[in-house]
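Novice: Sending over a structure as structure tokens; questions will come in a sec.
Quick note: the coordinates plus some simple rules give every number you see, no bench work behind them. Remember, predicted model here, so these are calculated numbers, not experimental data. For neighbour counting, all protein chains shown are included, and Cβ atoms are generated from backbone atoms with ideal geometry for every residue, glycine included.
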Amino acid sequence: MKEKDRRSKNASVTAAKGRGAEARGGRHEQRLPPVKGAGFRAKSGGPSSKTAPEKGERQRSAQEALPARVIRQRTGDKPVETVPLILETAATAGYHLIDSGNGEKLEQYGPYRIVRPEAQALWPRALPGSVWEKADAVFTGDTDEDGMGRWRFPREVLGETWPMQLLDTDFLGRFTSFRHVGVFPEQLAHWSWVKDQVTAADRPLKLLNLFGYTGVASLIAAKTGAEVTHVDASKKAIGWARENQTLARAEKLPIRWICDDAMKFIQREERRGSRYDIILADPPKFGRGPNGEVWQLFDQLAAMLDICREILSPEARGLVLTAYSIRASFYSIHELMRETMRGRGGRVESGELIIREGGLDGKEPGRALSTSLFSRWVPK
């Protein structure tokens with residue numbers, strides 16, 4: 001996610017025309033139902049519930065769902081480090097950040113201009129109100145990252161989905177009840193890196209996409225030549241990803257769509273001796289698996305990374321972690337990644353993902369909007 005506050009994601013909006021859109025005061029609104037399931041991030045409206053269980057209940061549920069992993073202390077030198085590394089998403093075909101400020105952001109997604117809450121936008125807007133008022137869709141209601149709300153359509157009622165394209169990959173944008181639209185554009189920095197790795201390899205790389213959401217990253221990787229395993233605990237997310245696969249005319253590409261709890265899946269992969277060349281992990285802050293498994297980022301992240309190290313191939317190209325909506329510095333996940341990869345060599349580079357404002361035409365660089373933290377291990 002990171003938006004990637006990067007992590008559970010969802011029930012779809014009722015299609016606007018003729019399917020439950022309400023006209024109020026000349027403005028049309030759609031009410032969206034809650035979503036259940038983990039891996040469908042809280043940032044995108046998915047696997048997490050709005051109110052987390054009490055701490056004791058969370059701990060009991062986690063203990064019942066997954067056996068505790070004993071993380072042995074690793075030896076050897078820690079990887080060298082690059083900090084801070086700022087990865088920027090500027091205006092690109094299909095998406096750009098027009099303006100931000102006063103706790104909101106104005107974005108261009110394909111043909112639509114969209115307004116959504118953004119707590120990081122502490123500054124005043126750069127563009128006049130007349131520009132913002134021409135938005136096609138405005139998210140209103142709960143401004144928490146995983147909060148429920150409505151979409152208001154000031155100009156005309158829009159349908160549930162619309163076609164999008166990023167990095168030459170087609171997929172569906174979708175208005176969800178958790179203010180997200182099915183793609184986290186700040187991830188373009190990681191997706192471009194994946195494309196470079198796959199293109200430069202002299203063999204098909206095996207990529208594991210954990211908490212894979214709507215499958216855009218998986219499709220981009222597979223279209224470039226990777227063999228992809230996509231894991232998400234939400235049946236809705238997997239269904240949406242398959243829709244995107246059809247839209248992208250990628251039905252014959254080597255992608256395994258797995259609906260499962262991410263921790264359980266990688267534990268099984270470790271026992272099987274499975275290995276991957278690239279692992280993308282985009283976990284939510286809180287989420288639930290398909291059988292009630294509980295995911296708590298701070299409780300289980302170290303164990304998840306420990307397993308991910310074990311299933312990296314000897315010729316691995318990278319392990320990428322993104323973290324949204326957490327009260328931590330990027331140094332927290334940076335040091336965790338370095339300890340996890342101790343003795344493996346390589347480099348750990350960590351910092352933030354940002355999106356650069358581009359104005360109405362996307363060609364006027366403006367302020368940088370921070371979206372999420374990340375840490376990435378690479379072998380060199």
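Novice: What is the calculated FRET efficiency for K235 to R268, with r their C-beta to C-beta distance and R₀ = 25 Å, to the nearest 0.05?
Specialist: Taking R0 as 25 Å, the efficiency between K235 and R268 is 0.85.
Novice: While we're here: Relative contact order (percent) for segment 316-380, with alpha-carbon contacts under 8 angstrom and 6 or more residues of separation?
Specialist: This gives 47 percent for segment 316-380.
Novice: In percent, how large is the relative contact order of segment 261-340, given Cα pairs closer than 8 Å and 6 or more residues apart?
Specialist: Answer for segment 261-340 is 39 percent.
Novice: Can you compute 3J(HN,Hα) from phi for each residue in segment 365-380, using the Karplus curve 6.51 cos²θ - 1.76 cosθ + 1.60 with θ = phi - 60°, rounded to whole Hz and x for Gly and Pro?
Specialist: Here the 3J(HN,Hα) series is x, x, 6, 9, 9, 6, 10, 6, 9, 8, 9, 9, 8, 10, x, 10 Hz.
Novice: Return, ordered by residue number, the residues of segment 179-197 whose backbone nitrogen is under 19 Å from a label point located 7 Å along Cα→Cβ of W123.
Specialist: 186
Novice: With a cut-off of 8 Å between alpha carbons and a minimum separation of six or more residues, what is the relative contact order of segment 236-379 in percent?
Specialist: 21 percent
Novice: Turning to a different aspect of this structure: How big is the dipole moment of segment 146-292 about its Cα centre under a simple scheme where the beta carbon of each Lys and Arg is +1, that of each Asp and Glu is -1, and everything else is neutral? Debye, nearest 20, please.
Specialist: In total the dipole reaches around 380 debye.
Novice: What is the packing order of peptides 251-264, 216-229, taking the mean over residues of other C-beta atoms within 10 Å and listing the highest first?
Specialist: 216-229, 251-264
Novice: Counting other C-beta atoms within 10 Å, and keeping those with at most 14, which DSSP coil trypsin sites (Lys or Arg not before Pro) do you find in segment 81-147?
Specialist: K134
Novice: If I model a spin label as a point 7 Å beyond the Cα along the Cα-Cβ vector, how far apart are those points for R69 and D299 in nm?
Specialist: Spacing of the two 7 Å Cα→Cβ label points: 1.5 nm.
Novice: Size of the dipole of segment 247-380 about the Cα centre, Lys and Arg at +1 and Asp and Glu at -1 on the beta carbon, nothing else charged, in debye to 20?
Specialist: 300 debye
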